[in-house]
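Engineer: Questions regarding the structure given below will be posed in turn.
The values are calculated or read from the model by the stated rules, or taken from the named source; none is laboratory data. Computed from a predicted model, the values in this text were never measured in an experiment. Methodologically, a virtual Cβ is constructed for each residue, glycine included, from the backbone with ideal geometry; neighbour enumeration extends over all protein chains shown. Note: areas computed on protein heavy atoms with side chains; ligands, DNA, RNA excluded. Shrake-Rupley method; radii C 1.70, N 1.55, O 1.52, S 1.80 Å.
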Amino acid sequence: MDKLVAQFPKQIADAIEIASRSDFSFYKNKAFQNVVICGMGGSGIGGKMVSQLFENQASLPIILTQSYEVPGFVNEHTLVIGSSYSGNTEETLAAVEMAKQKGATIVGVSSGGDLAQFCKDNHYDFVKLPGGNPPRSMLAFSAVQLINILSKARIIDANAIDTFAKCRHLLNEELISIKDEAKKLAKHLYGKQCIFYADSDLEFVAIRARQQINENSKRLCWHHVIPEMNHNELVGWAGGDNAFAAVFFVSQFMSDRNKKRTELSQEIIGKKTKHVLSIHGKGKSIIEESFYFIHIIDWASLFLADQMDIDPVEVRVIDYLKSTLDKA
Ligand SMILES: O=P(O)(O)OC[C@H]1O[C@H](O)[C@H](O)[C@@H](O)[C@@H]1O
């Protein structure tokens with residue numbers, strides 16, 4: 001897993017290369033009214049990332065769905081993107097099948113599996129990713145392909161992918177500080193109940209933190225966002241103590257009001273636990289900044305696993321669940 005995380009900056013370039021070779025026809029003579037991305041876990045996070053990062057710029061609503069179904073509004077004017085790294089995740093496969101029944105335009109993104117076959121059988125456009133790795137380690141690949149599909153359809157800026165190229169440079173330039181921050185974060189989380197907070201525009205960053213600590217470090221944790229947590233979870237901190245470690249991802253692009261809310265939340269939480277850490281963003285755009293945060297998170301989840309002498313790769317409990325479901 002260390003090798004895969006170290007390759008994250010390079011994966012961005014490799015993913016752009018795959019995107020540049022993709023030859024699509026799905027958008028020709030189509031006037032889409034909405035977009036639905038279907039994806040779970042390590043593939044779903046790419047959909048969440050893209051739907052949030054391009055929310056203000058996109059000409060259409062972009063929704064992520066993480067279940068066996070697509071929303072009721074899906075019809076022949078909907079673009080549905082099925083994103084599953086293995087191509088075999090049953091929720092995603094059921095959702096794209098339902099989208100097909102509703103006459104939606106479908107594009108698949110996977111390394112193969114049943115999703116590849118489904119796209120082949122139905123003559124849907126398909127992007128093939130390099131296979132053989134845990135889906136969560138291939139986020140750059142799935143996110144870049146989603147961006148490429150959306151920009152090809154002119155739903156987002158045609159040059160959106162260029163911003164991703166800049167992320168690679170930022171991650172390479174900042175590697176030492178990224179690893180230092182990740183070590184600090186892992187130390188902060190060790191032996192405690194982890195809670196991640198981010199501005200609501202960057203919820204996917206906090207979700208990525210939760211997912212990576214769950215799967216790589218095998219720890220329970222949760223996340224919430226500013227400002228919504230100010231209306232409920234902050235009160236729950238009445239029961240908080242030093243067993244909890246709070247982490248705030250502080251974006252440079254946060255509104256002044258949310259900045260103030262973050263500071264006040266930190267002050268209030270700081271009265272309950274001495275373990276409150278802020279991680280400040282770097283980068284010239286929110287896209288660069290989110291890749292910066294994600295690289296810190298990914299490394300931290302491995303450092304934490306190492307401190308606990310845990311194998312970050314195995315997800316035996318998910319394998320057990322899936323095989324039991326298969327027999328049911
Ligand atoms: O990207 P996919 O192949 O659809 O996988 C989605 C998810 O499936 C399983 O639950 C894996 O254990 C997760 O790690 C993965 O993120």
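Engineer: Using DSSP to call loops (not H, G, I, E or B), can you name the chymotrypsin sites (Phe, Trp or Tyr not before Pro) in segment 267-328 whose Cβ has at most 11 other Cβ atoms within 10 angstrom?
Structural biologist: Passing both the DSSP loop test and the Cβ count: no residue.
Engineer: So what's segment 2-166 giving for Cα Rg divided by 2.2 N^0.38 Å, two decimals?
Structural biologist: 0.93
Engineer: Obtain the nm distance between the two label points defined at Y68 and Y320 by a simple spin-label model: each point lies 7 Å from its Cα along the Cα-to-C-beta direction.
Structural biologist: Spacing of the two 7 Å Cα→Cβ label points: 2.3 nm.
Engineer: Pairs K128/K218; K183/K218; K120/K152: which are spaced more than 22 Å apart, C-alpha to C-alpha?
Structural biologist: Pairs exceeding the cut-off: K128/K218.
Engineer: What is the pair-distance distribution P(r) of segment 174-307, computed from all Cα-Cα distances in 5 Å bins starting at 0, with each bin given as a whole percent?
Structural biologist: 2, 11, 22, 25, 21, 14, 4, 1
Engineer: With every protein chain left in place, what is the accessible area of K282 in Å² (1.4 Å probe, nearest 10)?
Structural biologist: 70
Engineer: Shifting gears a bit: D14 accessible area, nearest 10 Å², 1.4 Å probe?
Structural biologist: The accessible area of D14 comes to roughly 60 Å².
Engineer: Restricting to DSSP H runs of at least four residues, report the calculated mean residue ellipticity at 222 nm for the chain, -39500 (n - 2.57) per run over all residues, nearest 500 deg cm²/dmol.
Structural biologist: -15500 deg cm²/dmol
Engineer: Shifting gears a bit: If ligands, DNA and RNA are left out, what is the accessible area of T105 with a 1.4 Å probe, given in Å² to the nearest 10?
Structural biologist: T105 has an accessible surface of roughly 10 Å² with all protein chains in place.
Engineer: Separate question: Cysteines without a disulfide-compatible partner in the chain, using Cβ under 4.7 Å as the rule?
Structural biologist: Among the cysteines of the chain, those whose Cβ sits 4.7 Å or more from every other are C38, C119, C167.
Engineer: Let me ask another. Ranked by accessible surface with a 1.4 Å probe, highest first, in what order do H188, H169 come?
Structural biologist: Largest to smallest exposure gives the sequence H169, H188.
Engineer: Compute the Cα gyration tensor for segment 235-308, then decide on rounded, prolate or oblate, letting a ≥ b ≥ c be the square roots of its eigenvalues: rounded whenever a/c is under 1.5, prolate when a/b is larger than b/c in the other cases, and oblate in all that remain.
Structural biologist: Oblate, since a/c reaches 1.5 and b/c is not below a/b.
Engineer: What is the gain in length, in nm to one decimal, between S200 and D14 on full extension, counting 0.36 nm per residue of separation less the C-alpha to C-alpha distance?
Structural biologist: Result: 64.0 nm gained on full extension.
Engineer: Also, quick follow-up: Mind jotting down the three principal axis lengths of the chain based on Cα atoms? Whole angstrom, largest first.
Structural biologist: For the chain, the Cα spread along each principal axis is 58, 46, 39 Å.
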